[in-house]
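The values are calculated or read from the model by the stated rules, or taken from the named source; none is laboratory data. Quick caveat: nothing in here was measured; it's all calculated off a predicted structure. Heads up, the Cβs are rebuilt from the backbone with ideal geometry, glycines too, and the neighbour counts pull from every protein chain shown.
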């Protein structure tokens, strides 16, 4: 189990929040864009190290920031652990019903991030008609894939 703990200050402005990574992850995790389990303030989530504009960091989504009880701009210890588990998002049941077997195979080939984005868009719809439109949109996107 490859693991590294460091202290940093979370960066947050009005539109972005991320965890700066103050070391080169390649010697530690084998590559810069390594999948990792991130633990901060006692909360653990899965992410991928990114390099944006020369800054090596981990994007910090609002849902993860809030689950960790953070507002942003805090200084704290962060632990990164190489995440070797397969990543996949659960296929929403109403989307599964709308797909034929070929489209389900296309879902399986999507990146974890894309699966998660599609699943969240469907699962977070508050109204039934909004959810139905979202299912139709995702199903159409899958059908149009080569």
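Is it the case, given these coordinates, that residue 124 is closer than 29 Å to residue 14 by Cα and outside the structural domain of residue 9 (by TED's automatic domain parsing)? Yes.
Looking across the range 50-90 at every residue that is touching a helix residue (DSSP H, G or I) at 6+ places or on another chain (Cβ under 8 Å) and at pLDDT 95 or above, the one that is farthest from residue 12 (Cα to Cα) is identified as 82. Residue 48 falls short of the stated requirement of being without any contact (Cβ under 8 Å) to a residue 12 or more places away in the chain, closer than 26 Å to residue 89 by Cα, surrounded by 12 or more Cβ atoms within 10 Å (Cβ to Cβ) and not assigned by TED's automatic domain parsing to the domain that holds residue 120. Has the range 21-32 got any residue that is surrounded by 13 or more Cβ atoms within 10 Å (Cβ to Cβ), in contact with a helix residue (DSSP H, G or I) (Cβ under 9 Å, 6 or more places away or on another chain) and either assigned to a strand (DSSP E or B) or touching a residue at least 40 places away in the same chain (Cβ under 8 Å) (or both)? No: the range 21-32 contains no residue that is surrounded by 13 or more Cβ atoms within 10 Å (Cβ to Cβ), in contact with a helix residue (DSSP H, G or I) (Cβ under 9 Å, 6 or more places away or on another chain) and either assigned to a strand (DSSP E or B) or touching a residue at least 40 places away in the same chain (Cβ under 8 Å) (or both). Annotation: residue 72 fulfils all but one of (1) surrounded by 14 or more Cβ atoms within 10 Å (Cβ to Cβ); (2) within 13 Å of the chain's Cα centre (by Cα); the unmet one is (2).
Scanning the range 91-123 for residues that are at pLDDT 90 or above, closer than 30 Å to residue 39 by Cα and not in a helix (DSSP H, G or I) turns up 91, 92, 110.
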